[in-house]
Each structure stands twice: as structure tokens, then as C-alpha cells.
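Trainee: Take a look at this one; I'll ask things after.
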Amino acid sequence: MKIHLNGEPFEITPPLNVTELLVKLEIDPRLVAVERNLVILKRAEFGSTNIEEGDEIEIVNFVGGGARNATPLL
């Protein structure tokens, strides 16, 4: 089955839900946000959201940090 993953064509073997896709990609679901067809999914929905032919999936990693000794915004 063909989907778009982060803007690129990607082949998967159905049936597959979002949690299973993340496992396949070796991505920790606690560290990402997932959008399916322009809708941001709640983490609790990952296991119940099946991926369908032609879906557009965007996976965004959370990045922490900041400037050291930065001036706080008031």
C-alpha cells in the first residue's frame, strides 16, 4: 500500500495503525507528534488510527533545549 510519509512516497504492508508504523520505523511514540491527512492525532489515538491507501502522514520529532544564558522574555 502506498502512502506519503513526511512528503515522500512510502510503501507499507497493511493492515497497519499509527503505533505499528512508529514501531516499524523505530520511533518512540512519546517523542513525536503525528499528523494524518492534515489532522493532528492525540497520542491515545495512535493505536486505533489505521493507515489507509494514499494517506499523508507527517511525523515531527520534539526537540528540547535552548540558548544557554539566554535573556528571559518578560
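Read-outs throughout are calculated quantities, based only on the coordinates presented, and are distinct from any laboratory measurement. In this text, all values refer to a predicted model and were calculated from it rather than measured experimentally. So basically every Cβ, Gly included, is an ideal-geometry build from the backbone, and we count neighbours across all protein chains shown.
Trainee: What FRET efficiency do you get for ALA33 and GLU53 if R0 is 22 Å and r is their Cβ-Cβ distance, rounded to the nearest 0.05? Don't skip to the end; give the middle numbers.
Mentor: Numbers: r = 23 Å, r/R0 = 1.05.
Result of the calculation: an efficiency of 0.45.
Trainee: May I pose another question? What list of ³J(HN,Hα) couplings, whole Hz, do you get for the stretch 27-40 from phi and the Karplus terms 6.51, -1.76, 1.60, once you set θ to phi - 60° and write x for glycine and proline?
Mentor: Whole-Hz 3J(HN,Hα) from phi for the stretch 27-40: 10, 6, x, 6, 10, 9, 10, 10, 10, 10, 6, 6, 10, 6.
Trainee: For every helix of n ≥ 4 consecutive DSSP H residues, a contribution of -39,500 (n - 2.57) applies; sum these over the chain, divide by its total residues, and give [θ] at 222 nm rounded to the nearest 500 deg cm²/dmol. Don't jump to the answer; show the numbers that get you there.
Mentor: Details: 1 runs with 7 residues, N = 74.
Calculated at 222 nm, the ellipticity per residue is -2500 deg cm²/dmol.
Trainee: Taking only the C-alpha atoms, wrap a convex hull around the stretch 2-57 and report its volume per residue in Å³ as a whole number. Each step should come with its number before you reach the end.
Mentor: On the way: hull volume 4.1 nm³, N = 56.
Dividing the Cα hull volume of the stretch 2-57 by its residues yields 73 Å³.
Trainee: Can I ask one more? Normalised by the residues of the chain, what does the relative contact order come to in percent, with Cα pairs under 8 Å and at least six apart?
Mentor: 40 percent
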